Each structure stands twice: as C-alpha cells, then as structure tokens.
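Student: Here it is, the structure, as structure tokens.
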Amino acid sequence: MNGCFGCWEHERAALLQLKASMNFTADIDPLRTWNSTNKNSDCCDWERVKCDNTTGRVIQLDLNNTIYWSWEDWCLNASLYLPFEELQYIYLVGNQIRRNEGFERFSALRKLEMLYLADNYFNNNILSSLSGISSLKILDLSENTLNGSFHIPAFSNLEELYLGGNEIDDFVTTTTTKGSNNLPKLQVLELGGNKVNARIFKSLSTFTSLKILRMGGNNLEGSFTTEELSKLNNLEQLKLDESSFDKSLLHKIGVMTSLNELAVRNCGLNGTLPDQGWCELKKLQEIDLSDNNFEGRLPSCMANLTSLRVLDLSNNHFNGNSVQSPLSSLTSLEYLSFSYNNFSIPSTLSFLSNFSNLKILLSDNNILALEPDSLTWIPTFQLKVFSLSNCSINIHNTTPPRFLHYQYDLRVINLSHNKFVGQFPNWLLENNTRLEIFSVNNNSFTGPFMVPYDIRPNIFTIDISNNHLHGPIPTNLGLIFPNLEHLQMSRNEFEGSIPSSFGNMAFLNSLDLSENHFSGTIPMHFTMGCYNLEFLILSNNNFSGQIFPTNSNLTKLRQLHLDNNHFSGTLPTWIGNMTYIEDIVMAKNHFEGPIPIELCKLIYLDFLDLSDNNLFGSVPSCFNSSSIEFFQLNKNCLSGPIPSSFQNNSNLVTLNLRDNHLTGNIPNWIGSLSSLRILLLKANHLRGQIPIQVCLLQNLNILDLSYNKFSGLIPHCLSNITFDASAFNPPLIVPPFSVSDFGNLSPSYLNTKSIIVEYLPYDITMFRGGVDDEEEAEFTTKTITYSYKGNILEYMFGIDLSCNNLAGKIPLELGRMGSSIRALNLSHNNLSGPIPVTFSNLKQIESLDLSYNNLNGKIPPQLTEMTFLAVFSVAHNNLSGITPDGKNQFITFNESSYEGNPLLCGPPLRNSCTKMRPPSTMPVNNEGEEGDIFMDMGVFYISFVVAYITILLGIVAVLYINPYWRRAWFYLIEVCIDTCYCFVVVHYHKLFDFRLA
C-alpha cells in the first residue's frame, strides 16, 4: 500500500520490527494496535503513528514511556528508524535509555526536525552523536544526566534547545571559521533546574538570535556586567523564577531593549523596587514579581510601562494607597494581581476607572478602606475573574463593590472571608449567565438564597457557607444548576428538607449542609441520582429516619459525615459496598444494634466514629485494615474483649473504646501499636494487671484506664513514655478535598498570551469539598472533663488510672516521666507508701490527684516547685506532718486538698501544729524519701505485743518465786469466783420468780 491507499508496506514491516525489538509481553503491550495478524490494517491508523495525508509516509513516531514499566536498560537500535525516510518527529521521552551509541545514524533522516529525548539517562556525549542531523530544529534533552561544563557542537538549523533538569554549570561554545556562533538560529533555550551561575550570561552572549531564555531554579549568584546583558539585545522573554541572583539585575536589565516578558517569581528578592533600570523596558508587556519580599511603595517610574498587559505583585509586602500608586496609570492591563500585600484599596475600587481591557483582577488579603458612595463609577471593562477575599476591613456595614452591578461576563467571583453585610447578592448569579465559580462564604449576608429563573449549565462550584442565610433550599436548585459539582451551604440558618431536585445533579461531587436546621429524611431521588457524590457532610442538623435506602447509588463516597442528628435504626449492611470510603462519622445519633461485619470490607477506611449511639454486641474482630488511624466507638453498649484486629497496626493513632461494657484484660499486643497517641478505655469492666507492653507506646499523649477493675502494681516502666512535645508529630488532619486546578474552567476567557498566567492562583478555585478529620479525646483534668480536638492535642499529655484496685507503692519512676505531662490522676485506688519526691520534676503538671488511697508519710515540701499546678489533692489518705509551705501554686489550695488525713496539720487545715518541731535531722533513705516523723504502725503493733508478753511472763515469774504473794493471788481469784457465782445464782432466782408471778 502507498499514497492515498494507506501506509507503505516496507514502513509497516519496519514498525513491526521496531515493536519486536522492545520485547513487550502479552500482559503489558502499549502498542497493541501494531499487529501483524491483520494484513489489511493501515499502519497510519495505528496508535502513536502519524502519516502524511498526501504521501502516506510515516512522519511522526510517539514512543514516549513505552518501556517505563521495565527496570531493564533499553538499548535503542537507531537503524530501525532508517526506513522512515520522511520522518520528522521522534518522541522517546521517559524510556530509561542510557547509551548514546548509534544516534549518529539519525543523520540519515534528512527531514528529521524534532527529537524529544527527555527523562532518560544520556550523558554529555549525546550532543556529538546528534550533531550530524543538519535538519534538526527542536531538541529536548531535559531530565537526563548532563553535567559540568557542557560543550555544544554546531547545529546550523537548531531553533529550540531544552536542557532543564540536568546538572550543567556552564557552556563551552565555539565559533565557526567565519566568526559566527555554532547555534546561529537558536531562539529558545531552557536551562531551568541546573547549576549555572552568573557566568552563564557571558557564555550566552554568543547566541545573538536568542529570544526566549528560561533559567528558573538556578543559583545565579555572582557578578555580571551590563555589557554582557546588552549582547542579548534580541531577547524577548527572560524567566528566572525560583532562582537566586543579585538584585542589581533589576538595575542593569534596562539594556535588554527587546524584552517584553520578565518573570522573577520566588527569587528571595527584598527591599524596595528600584526606580531605574527595569522601568526603562518600554516594550515590557508581562512582569511577574510575585512571591518575594519586596516592601514599601511602588516606584513612580512604573507609570512609564504603558505597554504592560500582565502584572503580578502578589505575595509581597508592598503598601501604600492604590489610588496614589502608579497602578492607576497602567491602563493597558488585562491581568492584575496584587493579592497578599498591604495595599490600601478603596471600597469602590475607583482607581480602576480608566481601565478598559482588564479581564482578571486578584486583590485578596489587602486592606479595604472606606470611600464615599458619591465616587460611584461605571467601568468600561468586563471582568472574567474577580477575587476580593480576606481583606482587612476597619469599617462597618460594608457591602460588595458597587461596580459589580455592571459586570455581566464574570466566570469566577470570590468575595469570601470579608465582613460584607446586607441582603444576599442574588443579582451576581442573575447577571452573570456564564458564571462557573461563585464563592461568598464567611460574610454576614442575610436573607434567603434564591436561584436564577433560567438554567445555568456552566456553574460547577457554589460556596455560600458561614453567613446568616435562612429559609429553605429552593426546590428547583437541582434543575437550575444541573452540572453543579460542589455545593457548600454549611454554617447558616437554613431549614426544611433536602429537595428531591438534588437528584438531577448527576455530576455533584461534594455537598456540605452541616450546621443548619435541616430536618426530615434523605430523599431517595437524591441517593439514586447523585451517583458521583464523594463527599456528603450533613453534620449538626435535625435529620431523622434511616440514613439511606438499600438500593442507594452512593457507592463512590469517600467522606460520610452524619454526626449530631437524629438518625435511627440499625447500621445498613450495604455500607460495605462503598469501596472507596475513607471516613465514616455517625456519632451522636440513635443507631442501635450490632456493628455490621460488612464494615470490614472497607480497605481504605481511615476514620471511623460511631460514638454516642446505642450499639451493642461485640466489636468485630475482622477490622484488619492497616489504613485505620482513628477508631472511636465510645459511649455505646458494646461488650466482649478488646478485639485483636488491631494487632500490629502501625498506623492507628486513636483507639477510643471508653464508656462501654468491655471485659477481659488489656492484651499484650497493645505494645505493637507504635503510632498510638490516644488510648481511652475508661468506664468498662476490664480487669487484671496493666501490662508492661503499654510502656512501648512511645508516642502516647493520653492514657485513660479509669473506672475499671485493674489490680496489681503500677508499672514502673510508664516512665518510658516521654510526653515530649518537641518530638511530637502534629495531629494527623485529613485535609478536605479541594478543587484547585483550572482544567475545569474553560480557558477561553484568558485572553492574554502570557505564559505567566497559564493558570490562575491555587486559592481562587479551591473548594473545600469535605471537612477536616481531627482526632478528638475527652479527658478529665482539674476535676472537669474536657474535649480536646485537633492541634491542641500536641500540648495535652496525661495519665488517668483512677477508680481501680491498684495497690503497692507509687513508683518513683513516675516522677521521671517527660516534664510535659499535664495531668496525673491515681485517686480512688489502694496505693500505699509515701508520695515520691521525684514528682517535683513534673514541672508543667497542672493537675495531680492522689486522693482516696492509703498513702502515708510526709508530703514532700519539694512539690511546691511545681509552679503550673492548678489542682492538687491528697485527701483521704494516712498522711502526716506539716502541709507544704504556702508558696507558688500551693497558696491557692484550700482545705479540701488535704482533708481526711487526721495526722496532717498546718494551713489551710484547721488543726494547727501545736508543737513546732525543729527542722528534721532524720536521715534520707536511698530513695530520696525523708524518714517519717511518727512511728510506723507496723513497728508499733509488734512493740505492743512484745511488751504485753514480757509483762505477763514477769508476773508469772514473781508468783513462782514468792510463796506468800502466790497464796494471796490464788485467794483473791477464789473470792472473785465465789462472788461472781453468788451474784449470778441470786439474780437468776429473782428473775425466775418474777416470771412466775
């Protein structure tokens, strides 16, 4: 075959031979259409092949990433490409080619113009191998292993050279015999992400035809001269983003007279902008100065840049009044961004009144200043994108800028995080029929939310959360916005039910209705029609009934938050069909029954919170997913042992099973949970000893084993838990889904040709399509139960072992725990012995409760060194001696901290110490405890028995030795016996006679 009948037969055979050289397997074959079985197939229709429409000859081969799946080096056989005599384009990107040999054969391809060899392993010799391709116009060697001083041979027709992502530090160039450079036609040079420095400007001065130079991500420190820059007199674009260089460049750059685009984003530049040099670039159309540390006012010379169409000043520290700045003189601007500065912007934005071509205006995070309404103006431009969010407003009752009433072509409007008041701006939705993103969240708008009368198919994001809107959701919302993807209405005062028209929004991805007054059940039409829904947030409302019908189509959910409602019934078994779900939060409802074992199918489940319901039965032992990080089943009626399903789960962060009816022991495998930070087992029926494996939980923040039946000793090794805030990993917060790429926006409204504004800033389109999942823990400290959530857990450390049957002495080692511990509660146990002096090392402790035990001895005076202590109780023990001095925090404690210790004296107790003792001279034992002032009770009992026996034996000895005393003693005993006998007999007869009478 040839010509109009299809590809040439010899080229078809060559393609099959080329495929055979790649050794594809039957399972992995990116060139499946290259098939020899169908001899009638036209190779011009094969994937990755393009032929000339007239001749039928192969002109393009796209073999990018064809062997990316293999770890073997691909030895490319260049001779296999020679049959394609008309070949113009070859793509071999990302194929792990390491050898340079054989590429010189490409010189036989006389029409080869474009060769893409990026993301391979070529070294510096590759250019010499390719230098014979005289027709080559574009060469891409980026992301290879080129390094050092790089020699470039002659390429007489090369126009574009891409060398980014290597380790080149300089060029070695040669000139021809006629004195011209070896790249006479080079117009585009990419050197981003290399190791070039300021010397490169001298090396590049020989490329006199250069128009576009990109050197971002380099260290261009060093000196360069104005003369070197002036030789690049044809340069039109200079991109130095994320490079470091001397600020004098902005002074000297004025000699590059042809420059029309300058980008120095994120280069670490600071100080004020110079008032000379760069302002002399009369042809400059686009400039990017964003993400630096510039400060002060804009220089007045900027007004000379009358050709400027794109200006980005965002993320700096510029200040001053925008009305008096040179911005108002740049009337040719189409794109203007001065977000994240300290400009003072008039509330009417009147400084833009002379602009006629403005399409994109980004003015977030500045200062909005009051301007009289008399300055109302009618703009001559029609914006495509307008963002005025998070502005500091020192005035009250501010409404959105009035010029917006005259805008009819907006695609993106962002007025979020201001203090705007007044009725909800429904007119913005009504006027702008092609609106795509509408965000007015976190303001103070009031009134109902009303939708336009006609269908708006373009809009895909609406965020009206955190206002004061009320009333029901319009019943036709789903009909007016059929292509809506993200709807956020949380933190308002909406009421009523979810309209069934929501089921018409087949593309809906994220829905957040939390923190309103919605009620009723979830409509079936919604659960059937929104089959693309990934994030459903209905928290903190009054929804009721069953959650979903059994035939729900919500199988793509990733976040399901139904907490704080009135849902009831059993948890559905079909929840196991939600294959991709990561977060399930159904706390504080009225669910009952057992936990369905179908939850064990959810291999991506990360966050499970079923707390505060009426669930019963045992915890399924099949939760073996290593992805679970937060597991909260507290405040239910669950029974049985702690399930073994979490054994060896190195990702588990929170295990909250408190307030249930669990039985048995804490399993020894608890020590395998290496990432565990929260362990809450309070108020169950657990018993046995506290296993020493708990001491292996090095990252533990909070340990609560109170209100159980644990016995035995407190493990000494608890001191291994460091409670070190400096080594703490921040609480894992699962970030909400965000829509941030502008691929969803039609690019037609970006009418500028600028490469700088190829994409709008990230935060303009960011939509929080979910909620933060933060670990939460209830913990009792200072006699009050607090709920700690999110980042505060970084600073909360505590142990609560109260209300158990623990015995023995308090280990001295507990005083050597990390000094960051905030609370320690050992009350209501059977602990004995002295209070360890080492407790004084707990410098940041705020609550220490040792009450209701059998502790004895003196309260160590060193405890007064705990200067953060707010609650201290040793009540109802057997302590003795003087209470600690009333200094530091101890001056704040009242009698209730010490009551129930009869042998304690001193303030604030009422029984003062009547006898002042001299300072103790008793020895200190090897445990650091001072000897007791009073006799130990055990010693007292032994002494008493010995003394009693001694006296008795003495009396017997005396009676044995002296006969007179012995006769007198026995006579006395006989008299006593007779007297007692007579007394009993006489009184017995009297009592008998009295009864007969």
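Student: Hey, can you grab everything whose amide H is under 5 Å from the amide H of Leu855? Only 5+ residues off in sequence or another chain; H modelled, so Pro and N-termini drop out.
Tutor: The list, which skips near neighbours in sequence, is Asn878.
Student: Label-point separation (nm) for Asp409 and Met450, each offset 7 Å from Cα along Cα-to-Cβ?
Tutor: About 2.7 nm, to one decimal.
Student: I would also like to ask the following. Which of the residue pairs Lys19/Lys50; Lys635/Lys682; Lys211/Lys231; Lys283/Lys359 have a Cα-Cα distance greater than 18 Å in the structure shown?
Tutor: Too far apart for the 18 Å limit: Lys283/Lys359.
Student: Which one, Asn321, Ile714, Ser644, is farthest towards the positive end of the dipole of the chain when Lys and Arg carry +1 and Asp and Glu -1 on their Cβ?
Tutor: Ile714
Student: Then there's this: What order, most packed first, do the peptides 663-676, 489-502 have when packing is the mean number of other Cβ atoms within 10 Å of each residue?
Tutor: 489-502, 663-676
Student: Could I ask something else about it? Residues with beta-carbon under 10 Å from that of Ala198, excluding Ala198: net charge, scoring Lys, Arg +1 and Asp, Glu -1?
Tutor: Every neighbour counted, the sum reads -1.
Student: Shifting gears a bit: Bins of 5 Å, beginning at zero and ending with the bin holding the largest distance: percent of Cα pairs per bin for the range 1-141, please.
Tutor: Per 5 Å bin, starting at 0, the Cα pair percentages come out as 2, 10, 19, 24, 20, 15, 8, 3, 0.
Student: Another question, if that's okay. May I ask which residue of Ser897, Leu477, Ile792 lies farthest towards the positive end of the charge dipole of the chain, with charges of +1 (Lys, Arg) and -1 (Asp, Glu) on Cβ and the Cα centre as origin?
Tutor: The one lying farthest along the dipole's positive direction is Ser897.
Student: If you find the alpha carbon centre of the range 161-240 and of the range 941-967, how far apart are they in angstrom?
Tutor: Cα centroid to Cα centroid, the span is 116 Å.
Student: Using each residue's phi in the range 468-480, evaluate 6.51 cos²θ - 1.76 cosθ + 1.60 at θ = phi - 60° and report the 3J(HN,Hα) Karplus result to the nearest Hz, with x for Gly and Pro.
Tutor: Going residue by residue, I get 10, 6, 9, x, x, 6, x, 5, 9, 4, x, 7, 6 Hz, with x marking Gly and Pro.
Student: Summarise the long-distance tail of P(r) for the range 468-604 by giving the % of C-alpha pairs beyond 25 Å.
Tutor: The share of Cα pairs beyond 25 Å in the range 468-604 comes to 20 percent.
Student: Once you list every other residue whose beta carbon is under 12 Å from the beta carbon of Asn123, what net charge do they have if Lys and Arg are +1 and Asp and Glu are -1?
Tutor: Local charge sum for Asn123: 0.
Student: OK, next. Ignoring ligands, DNA and RNA, how do Cys75, Cys7 rank by accessible area with a 1.4 Å probe, largest first?
Tutor: Ranked from most to least accessible, the order is Cys75, Cys7.
Student: Another one. In degrees between 0 and 90, to the nearest 10, how far off the longest principal axis of the chain does helix 937-961 point, with axes built from Cα atoms?
Tutor: Roughly 20 degrees between the two axes.
Student: So, one more: Quote the accessible area belonging to Val93 in square angstrom, nearest 10, computed with a 1.4 Å probe and with ligands, DNA and RNA left uncounted.
Tutor: 30
Student: What list of ³J(HN,Hα) couplings, whole Hz, do you get for the range 398-407 from phi and the Karplus terms 6.51, -1.76, 1.60, once you set θ to phi - 60° and write x for glycine and proline?
Tutor: Karplus values, whole Hz, x for Gly and Pro: 8, 10, x, x, 5, 5, 5, 5, 9, 9.
Student: Right, next: Which of the lysines could be linked to Lys887 by a straight reach, that is with a Cα gap under 21 Å, when you skip same-chain ones fewer than 8 residues away?
Tutor: In chain and number order, the partners are Lys782, Lys843, Lys858.
Student: How would you classify the range 589-720 from its alpha-carbon gyration tensor, with a ≥ b ≥ c the square roots of the eigenvalues: rounded for a/c under 1.5, else prolate if a/b is greater than b/c, otherwise oblate?
Tutor: Taking the square roots of the gyration eigenvalues as a ≥ b ≥ c, the range 589-720 is oblate.
Student: Go ahead and run the numbers for FRET between Gln698 and Thr785, Cβ-Cβ distance against an R0 of 25 Å, rounding to 0.05.
Tutor: FRET efficiency, Gln698 to Thr785: 0.40.
Student: Let me ask something additional. Tell me the carbon and sulfur percent of the accessible area for the range 144-286, rounded to whole percent, probe radius 1.4 Å.
Tutor: Accessible surface attributable to carbon and sulfur in the range 144-286 totals 44 percent.
Student: While we're here: Could you give the angle, 0 to 90 degrees to the nearest 10, between helix 9-20's Cα long axis and the longest principal axis of the Cα atoms of the chain?
Tutor: 20
Student: Right, another one. If you compute mean projected area of the Cα convex hull in nm² for the structure shown, which of [x] 53.9; [y] 48.0; [z] 70.5 do you land on?
Tutor: Recomputing mean projected area of the Cα convex hull in nm² here gives the entry labelled [z].
Student: Please list, in order, the residues from the range 294-318 whose amide nitrogen is less than 16 Å from a point placed 7 Å along the Cα→Cβ vector of Thr272.
Tutor: 294-303, 317-318
Student: Given the pairs Lys195/Lys384; Lys588/Lys809; Lys185/Lys282; Lys419/Lys789, which span a C-alpha to C-alpha distance of over 30 angstrom in this model?
Tutor: With Cα atoms farther than 30 Å apart: Lys195/Lys384; Lys588/Lys809.
Student: Follow-up question, since we're still on this one. Using label points projected 7 Å from each Cα along Cα→Cβ, tell me how many nm separate Ser544 and Asn532, to one decimal.
Tutor: Result for the modelled spin labels: 3.5 nm.
Student: Let me ask something additional. Excluding ligands, DNA and RNA, what is the solvent-accessible area per residue of the chain at a probe of 1.4 Å, expressed in Å²?
Tutor: 44
Student: To the nearest 10 square angstrom, what accessible area does Lys283 show with a 1.4 Å probe?
Tutor: 120
Student: Sticking with this structure for a sec: How large, in percent, is the carbon and sulfur part of the accessible surface of the range 811-890 at a probe radius of 1.4 Å?
Tutor: 45
Student: What residues qualify as long-range amide H neighbours of Gly808, i.e. H under 5 Å apart, gap of 5 or more or another chain, H built at 1.01 Å from N?
Tutor: Ser832
Student: If packing is taken as the mean number of other Cβ atoms within 10 Å per residue, what is the order of 849-855, 231-237, 510-516, highest first?
Tutor: In decreasing order of mean packing, 849-855, 231-237, 510-516 become 510-516, 849-855, 231-237.
Student: Work out from phi, with θ = phi - 60° and the Karplus expression 6.51 cos²θ - 1.76 cosθ + 1.60, the ³J(HN,Hα) of each residue of the range 186-195, listed in order in whole Hz, and give x for Gly and Pro.
Tutor: 5, 10, 10, 9, 10, 10, x, x, 10, 10
Student: Lys and Arg at +1, Asp and Glu at -1: add these up for the other residues within a Cβ distance under 13 Å of Lys231 and post the number.
Tutor: 0
The values are calculated or read from the model by the stated rules, or taken from the named source; none is laboratory data. This structure is a prediction, so every number in the text was calculated from the model and none was measured. When we count neighbours, we look across all protein chains shown, and the Cβ atoms used for this are built from the backbone with ideal geometry, even at glycine. In case anyone asks, the SASA skips ligands and DNA or RNA and just uses the protein heavy atoms, side chains included. Shrake-Rupley method; radii C 1.70, N 1.55, O 1.52, S 1.80 Å.
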